[in-house]
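Below is one structure; the comments refer to it alone.
No lab work stands behind these numbers, since they all come straight from the coordinates. Fair warning: this is a prediction, and the values are worked out from it, not measured in the lab. Reconstructed Cβ throughout: ideal geometry from the backbone, glycine too, with neighbour counts over all protein chains shown.
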């Protein structure tokens, strides 16, 4: 780095010198900005907003995720993406209401939505309640939920109405009820709907026995959804975040005085690795596998035993445990796991009246090093017994909620010793399953470019990754929503060397800035986050390739092989925490 620029950076913020112009891309898509302005201005209304008023702006932004919005033929990639991220009650709905807490709904005349039917989407964690008639209440954690939900609802309505028009031409000799069992009927219906037979098969998989009912509902009516935002104030978002934290503080009162390692990842991998629970129930899990008659998993297990594939034995059993827990037979093992977690001071704390975000508090001194995943072992493990530190692990939030949550945590714990962010991302030049380690993050919310020292490098991850590649020294961009990018927007980043696209790193880094600087984070600046008083690490694994047409999470998912990058990123985080805590304890003892 240029020495003159290095000196400027030490001050924390700098204006963009000419020789650094390419580090901070000038990014603006007029079409995306128009869409954002349109729905935010409409949502300020005290009345319901018709989704159809957003259709033109939505289609006009030419979203990479909804590239065929204007075409007559259905955009199956976009439609399936929406189906997986919206509750199954969508065909019954007239109105979707957004609010930050159950109190907000009550104050606005909807009563206690907590008494309504809880409903969920397969691929999006969002607490929603259905009134049994025509209204859905959704709890939102930040404006990122708005940037997620509004495009989802709009894309869903556009594609529904395409299907509606096509199904009106359904010939009398075509029976939707026979599609599941009749290959020739599947081909007829696919041709009528102007989709491939593979896409029709995906719909059959998603809807199952309700396929014909869903199609009949689409054929019966044109969709005309409405949406209403009850409160868009920052204070309501903060109040919801405080309610989330209050449950943690009540469950673990000593947390206000303890040093803490903060981790944003998922609700399973860290606990699986620390307890090694699945590895100590191999016999029961193998029996479940044999009874399941899953040919793919049986072959994978045989290949692992014969050492014919590089797959991890440990990761395989973590995956089996998840599958087993989804069956009635797995209930007894679930209870056994709860007992093990309680005996080792691992607490799972769920949210109740606010957004859906599980937290785990792990007491490091109670970690049973003899039972944990053998890949965790390293010198100094025995020092953990003398630790007074805790790990707070949260199921990664959506977008700007990350900023509010990290701020809340940092304000109410004794001391933050480390911040580690692990999550899914899209990649512009890698493949699904790769791990990306950024050292530069452009934040689409603040328009800051954050430059920082990532505590992880490729070698720390590569040791545990069987299938993908590890790419360190990367540049990441935090986008506002999955639909809110088009080719113009992405090309700018690609040309500037940004290859890692996700939704949380920027908001987290804005909170990190405020954890060691005496003022709010700036806007549209290059921000230096070197020399932090705590550890900082970010690991992303690729689950999506937005520049490959059709290759998004609407048509594929990581499934079993997603375990590989998930655990390849979780293991280095825990090893880093154990190493630092061992050093800290040793220093205290000197």
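Using just the alpha carbons, could you tell me how many Å³ per residue the convex hull of region 229-369 encloses?
175
Most exposed first by the Cβ proxy, i.e. fewest other Cβ within 10 Å, how do 134, 373, 181, 356 rank?
Going from sparsest to densest Cβ surroundings: 181, 134, 356, 373.
Using Cβ counts within 10 Å as a stand-in for footprinting exposure, how do 494, 567 rank, fewest first?
494, 567
At a threshold of 8 angstrom on Cα-Cα distance, excluding pairs fewer than six apart, so keeping six or more, what relative contact order does region 141-238 reach in percent?
38
Please report the relative contact order for the chain, taking Cα pairs under 8 Å with a sequence separation of at least 6, and give it as a percent rounded to a whole number.
Relative CO of the chain lands at 19 percent.
For the residues 246, 112, 404, what sequence is obtained by ranking on other C-beta atoms within 10 Å, fewest first?
112, 246, 404
Once the Cβ-Cβ distance between residue 307 and residue 47 is put in as r, and R0 is 45 Å, what FRET efficiency do you end up with, to the nearest 0.05?
Efficiency for this residue pair is about 0.10.
Sequence gap at least 6, Cα distance under 8 Å: using those rules, report the relative contact order of region 45-229 to the nearest whole percent.
Averaging sequence separation for qualifying contacts and normalising by length gives 31 percent for region 45-229.
By per-residue mean of other Cβ atoms within 10 Å, what is the highest-first order of 527-533, 429-435, 327-333?
Those peptides, ordered most packed to least, come out 429-435, 527-533, 327-333.
Using a 10 Å cut-off on Cβ atoms, rank the peptides 453-459, 86-92, 417-423 from the highest mean neighbour count down.
417-423, 86-92, 453-459
Using only the C-alpha atoms of region 45-229, find the volume of their convex hull and express it per residue in Å³.
116
Starting with the highest mean, order 38-44, 294-300 by the number of other Cβ atoms within 10 Å, averaged over the residues of each peptide.
38-44, 294-300
At residue 411 and residue 210, where each label point lies 7 Å from the Cα along Cα→Cβ, what is the point-to-point distance in nanometres?
4.0
Ignoring everything except DSSP H segments at least 4 long, calculate the 222 nm mean residue ellipticity for the chain; use -39,500 (n - 2.57) per segment, divide by total residues, nearest 500.
Rounded to the nearest 500, it is -12500 deg cm²/dmol.
With just the Cα atoms defining each centre, how far is region 386-405 from region 242-270? Give it in Å.
Each part's Cα centre sits 7 Å from the other's.
Send over the per residue convex hull volume for the chain, Cα only, as a whole number of Å³.
164
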